[in-house]
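One structure is given below, encoded as structure tokens.
Please treat every number below as a calculation from the coordinates, not as lab data. In this text the structure is predicted, and so the values were computed from the model without any measurement. Ideal geometry is used to build each Cβ from the backbone, glycine not excepted, and the neighbour counts take in all protein chains shown.
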Amino acid sequence: MNNDVKSFVTEKVNELLNAASCCAEAKAAGKNWLDALGTDKESEASRSLIAELEMDIMPVDGLIAFADSEAGIQVFGKETASKVAAHGRELKAAGAKYCDCPACAAAEAILAKKDELI
């Protein structure tokens, strides 16, 4: 991996780690990747990070479905769930594939570089 890619992904992993919307598993994979940089475990950590982010990134249709569900209403509250669903519909209409929360935005940016990571 070249230094430009490494710098870019490092920045995005740090954004991921600082995102309130990031799950514990993605945070662990991100921290593991940062710890493995420059070691013989870098490639393995890159594959693990990519696999975790591919599982965790929220497709926009999933965001809408969750926000419209009873579970989404329980998590967000009725008013916020309605706003999240509406935002998801706006994203979808604009052609977005994924949620644009800080964690998903960082994950999408990292995944765009996955071929260069491994």
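Net charge dipole, region 59-98: roughly 120 debye, given to the nearest 20, about the Cα centre with Cβ charges of +1 for Lys and Arg and -1 for Asp and Glu. Each of Lys92 and Leu34 was given a label point 7 Å from its Cα along the Cα-to-Cβ line. The distance between the two points is 3.5 nm. Taking amide hydrogens as placed 1.01 Å from N in the peptide plane, the amide H of Tyr98 sits under 5 Å from those of Val60, each at least 5 positions away in sequence or on another chain. Taking the charge dipole of the chain about its Cα centre, with +1 at Lys and Arg Cβ atoms and -1 at Asp and Glu Cβ atoms, the residue from Ile64, Leu17, Ala29 reaching farthest to the positive side is Ile64.
Once the trypsin sites (Lys or Arg not before Pro) in DSSP loops with at most 15 neighbouring Cβ atoms within 10 Å are cut out of the chain, the longest remaining piece is 42-96. Taking only Cα atoms and a 10 Å spring cutoff, compute GNM fluctuations for the chain and point out the largest among Ala93, Ala19, Ala45. Answer for the Gaussian network model of the chain: Ala93. With contacts taken as Cα pairs under 8 Å and at least 6 residues apart, region 59-98 reaches a relative contact order of 53 percent. Taking other Cβ atoms within 10 Å as a rough exposure proxy, Asp56, Asp61 sort from fewest to most as Asp61, Asp56. Placing unit charges on the Cβ atoms only, positive for Lys and Arg and negative for Asp and Glu, gives the chain a dipole magnitude near 200 debye about its Cα centre. Using a Gaussian network model of the chain in which every pair of alpha carbons under 10 angstrom is joined by a spring, one finds that among Ile50, Ile73, Ile64 the greatest mean-square fluctuation is at Ile73. Considering only alpha-carbon pairs that sit under 8 angstrom and 6 or more positions apart, the relative contact order computed for region 16-118 is 35 percent. Considering only Gly38, Gly72, Gly88, the Gaussian network model of the chain with Cα springs below 10 Å gives its largest mean-square fluctuation to Gly38. Here Kirkwood radius over Cα pairs in Å was computed from the coordinates, and among (1) 14.9; (2) 15.4; (3) 14.6 the match is (1).
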